[in-house]
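Reading through the structure tokens given below for one structure.
The values are calculated or read from the model by the stated rules, or taken from the named source; none is laboratory data. Here the structure is a predicted model, which is why all the values come from computation and not from measurement. Counting neighbours? That spans all protein chains shown, and the Cβs are built from the backbone with ideal geometry, glycine included. SASA here: full protein model, heavy atoms, side chains in, ligands and nucleic acids out. Shrake-Rupley method; radii C 1.70, N 1.55, O 1.52, S 1.80 Å.
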Amino acid sequence: MKYVRVESLQDRYGYHLDPQNYLQALPQLSDSLPPGAAAFAAHPEHYDFRAARCVKDLELSQATLADDQGEITLEFSLIPNEWKHEGGLRIRYSDVQSFRVDTQDPDGMLPRLGALQLDEVLPHPSGMSHEISFTCGSVLVVAADLAATWG
């Protein structure tokens, strides 16, 4: 990620998470983001670790990639953390240009992706890029825009 910091602690039992550089840059970046991506990234609870609509600790349960009459769409279903979230999050990406998943399984004890740590939405010539960092991997989507729905 360009602005957001997600770094493993030396004991491997936690992360240093810092979205502050991204939050400082976001007002300028928002002007170059598609409307859905800008609204999602700039939501006041997005990076508030105590808020019900903070993305931290969600888990990816399903990804659906479809060719809908020539437009590639991708939809993520993220399930809530029972102690933090009131509901899950569904993200639908329109006109997907690329989708990449990188996984690490350092000790064989954690799930392949694990819990979401933080994410970053940036302008891209195709519309926007959305990088999501998990405890055991990351996902990068480049698309025209996204629509995020909580519940």
Once the whole set of protein chains is in place, how much accessible area is left on residue 134, using a 1.4 Å probe, in Å² to the nearest 10?
10
Residue-level accessible surface for residue 136, protein heavy atoms, 1.4 Å, Å²
0
Theoretical FRET efficiency, 1/(1+(r/R0)^6), r = Cβ-Cβ of residue 150 and residue 69, R0 25 Å, to 0.05
0.35
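Working with all protein chains in place, sort 112, 100 by solvent-accessible area computed with a 1.4 Å probe, largest first.
Reading off the accessible areas and sorting them downward yields 112, 100.
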Taking Lys and Arg as +1 and Asp and Glu as -1, residues besides residue 139 with C-beta under 11 Å from its C-beta add up to -2
Compare 84, 2 by solvent-accessible area with a 1.4 Å probe and give them largest first, with all protein chains kept in place.
2, 84
Would you please give the residues with an amide H less than 5 Å from that of residue 117, counting only those at least 5 places away or on a separate chain, with H modeled from the backbone geometry?
57, 133, 134, 135
Rounded to whole Å and sorted largest first, what semi-axes of the equivalent ellipsoid does the C-alpha gyration tensor of the chain yield via the square root of 5 times each eigenvalue?
23, 19, 15
Heavy atoms of residue 67: accessible area, 1.4 Å probe, square angstrom to 10
110
Give me the percent relative contact order of the stretch 34-151, please, defined on Cα pairs under 8 angstrom at least 6 residues apart.
27
